[in-house]
1. Name the single residue, out of those in the stretch 195-229 being of a type outside the set (D, E, K, R) and away from the ligand (no atom under 16 Å from the Cβ), that is surrounded by the fewest Cβ atoms within 10 Å (Cβ to Cβ).
2. Residues of the stretch 282-308 being modelled with pLDDT of 95 or more and either in contact with a helix residue (DSSP H, G or I) (Cβ under 8 Å, 6 or more places away or on another chain) or assigned to a helix (DSSP H, G or I) (or both), which ones?
3. Exactly one condition in (1) modelled with pLDDT under 95; (2) touching a strand residue (DSSP E or B) at 6+ places or on another chain (Cβ under 6 Å); (3) buried (at least 18 other Cβ atoms within 10 Å of the Cβ) is not met by GLN6; state its number.
4. In this structure, is ALA202 modelled with pLDDT of 90 or more and more than 30 Å from PRO266 (Cβ to Cβ)?
5. Tally up the residues in the stretch 192-250 that are over 25 Å from PRO129 (Cα atoms) and not acidic (Asp, Glu), please.
6. Within the stretch 230-245, can you find the residues that are within 10 Å of the ligand (Cβ to nearest atom), of a type outside the set (Gly, Ala, Ser) and within 21 Å of ASN312 (Cα to Cα)?
7. Kindly indicate which of THR292, THR283 is polar (S, T, N, Q) and more than 13 Å from the ligand (Cβ to nearest atom).
8. If you check TYR163, TYR189, TYR251, which single one turns out to be more than 16 Å from the ligand (Cβ to nearest atom), surrounded by fewer than 16 Cβ atoms within 10 Å (Cβ to Cβ) and outside the structural domain of PHE21 (by TED's automatic domain parsing)?
Amino acid sequence: MTDIQQVVPEPRQAETRFRAFTARHLDTLTQRAGLSDAERLAVRAVATVLPFRTNSYVLDELIDWEAAPDDPMYRLVFPQPDMLPGSDVSRMAGLLSENAPESRIHAAAHEIRMRLNPHPAGQLLLNPPSLEGRPLPGLQHKYPETVLFFPRQGQTCHAYCSYCFRWAQFVDEPDLKMATDDIGTLVAYLRELVATKRRNPADDLVSVLLAAGDDALTTQELLSSLFQLVVAGHDTTASLIGNGVVALLDYPRQLQALLADPGRMPAAIDELIRFTAPVPHATFRVTTEPVTVGGVEIPAREQVLVCLGSANRDPGRFPAPHALDIGRGDGTNLGLGHGIHYCLGAPLARLEARVAFEALLGRHPGLLLAADRDALTWTRGDGLVLRGLTSLPVVLGPSSIPAKSRRHR
Ligand code: HEM
C-alpha cells in the first residue's frame, strides 16, 4: 500500500506531522513519563530484546502523559520491565551501563529471545507449505485453506504494541522472521497446488476453476488467474486511496461537498475510480479475428491493450471529463473493467475505499499535502496496468475526535 508518510520540507502544522520514534528516543520519552534513572535503564534493557517503535500520533494524541506510566496507551506501546525475567533485565542493563560493544549486546539479546519461544505454535517448522520435501520460506498456512505471503519489505509497523505476539518479525534476527523477497516461491507453490487439485479435486476455488466448463483453462491460465487473485487487490485499492486523496485535495470544492454530505461517498468513489485510473489499462487481449477500431484495422491474433483511463475521459460519455465531479450521478465507468473479466473484487474494492475515505476524511477533514504538488510521482506499480503514487506525504491536520474521548475509548 502507498505509504502515507511524512516527508516534510517545511511543515505547515508541525504538531500533527508523522514522525517515527525508536529505541534511541526511549530515554527522553521515559523521562517525560516521570521514570527514575534506574527505571529508564530497565526499559532500555527490555528494548534491546523486544522491538520498540511508535510515532508522533500515538505520543501526542493518544497517550495521556499525566497518567503515564500507568496510562493504558503508554503501557500498550512502551516496553515494560516485567516483560522479561528480572535477571535478564539486569544483565542487559549491565551491558548498556558499561557501554558494551554492539556484538555483545546482540549476542545476549539473541540468547534471551531464543528462550522466549519466538514461535510458540512451531510456525517456522510446522506451517510453511513445502515443495519436494523442502519448506518454502516466507509462506505460511494459517489455516489449511489459506496461504500467507510475507514480503520482506513489508515486515514493519507504524507502532509496535509492547505485547505484540509477532515480535519475532520485528527484531534484528533474520533467522526468526517469516519473510521472503522471492516471488518465485509463491509461483512454485501455486503450480504445485494446481497439480495436486488436478489429481484430487475438492470443494475449493482452484478445483472449481479447474473444472470450469468445456473450455477448461490451461495450467498457465489457471496460474495467471490464481496469481491475479492474490495480487489484484493490493496495489489497486491502495492506489485508489492515494490517488483519490490527491484528487480531492486538487478539487477542494468537491472535497467540501463530500465532507458536507458523506452520503455521497459511494458516488464519489466511482468518480475517483474514473478520474484517477488506478488500473489505467486492461490486461492484454488478443484479437481472434480482424477488427476495425477508429478507422484502424487490427489483424487477427494481434495483442491489444485497451486504455480504460482514456475511455473514462471520453467527452462523448462524460461531459467535462478532465474535471473531478462527484455529482455525475451515473457511476458506471470502465475503471473496474467490463464484460467477463469485470473486476472480481469490485464490491470489495469499493467497500475498502469507502472505509478508508470515511475514516481518513472523517477524522482529518483538514488533511493537507506536505510536499510540492508537482513533486508527486506515480511510479508505483508497473506503469501499465497499475498506476499508484510512489509516496504521499501529508499533514493530517487537527483530529476531529476530541483528545479526551480518544484517550478513554
Ligand atoms: C480500486 C481497486 C481495483 C481496481 C481499480 C480494479 C480494476 C480491475 C480491472 C480494470 C480489471 C479488469 C482487467 C481486464 O479486463 O483485463 C480487474 C480484474 C480483476 N480484479 Fe480488480 N480492481 C480493483 C480491486 C480488486 C480487488 C480488491 C480484487 C480482489 C480481492 C480484485 C480482483 C480482480 C480479479 C481476480 C480480476 C480478474 C477477473 C477476470 O479476469 O475474470 N480487484 N480489476
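1. Filtering first and then ranking leaves ASN200.
2. Passing the criteria: only LEU308.
3. (2)
4. yes
5. 17
6. In the first step, residues of the stretch 230-245 are kept if they are within 10 Å of the ligand (Cβ to nearest atom); the result is 230-241, 243-244.
Subsequent filtering for residues that are of a type outside the set (Gly, Ala, Ser) retains 230-231, 234-237, 240-241, 243.
If the condition is that a residue be within 10 Å of the ligand (Cβ to nearest atom), of a type outside the set (Gly, Ala, Ser) and within 21 Å of ASN312 (Cα to Cα), then ASP235, THR236, THR237, LEU240, ILE241, ASN243 are the ones that fit.
7. Details: THR283 fails: more than 13 Å from the ligand (Cβ to nearest atom).
Step by step, each of THR292, THR283 is checked, and only THR292 is polar (S, T, N, Q) and more than 13 Å from the ligand (Cβ to nearest atom).
8. On the way: TYR189 fails: surrounded by fewer than 16 Cβ atoms within 10 Å (Cβ to Cβ); TYR251 fails: surrounded by fewer than 16 Cβ atoms within 10 Å (Cβ to Cβ).
Selected residue: TYR163, the only one of TYR163, TYR189, TYR251 that is more than 16 Å from the ligand (Cβ to nearest atom), surrounded by fewer than 16 Cβ atoms within 10 Å (Cβ to Cβ) and outside the structural domain of PHE21 (by TED's automatic domain parsing).
The values are calculated or read from the model by the stated rules, or taken from the named source; none is laboratory data. Keep in mind the model is a prediction, meaning the values are calculated, not measured. Reconstructed Cβ throughout: ideal geometry from the backbone, glycine too, with neighbour counts over all protein chains shown.
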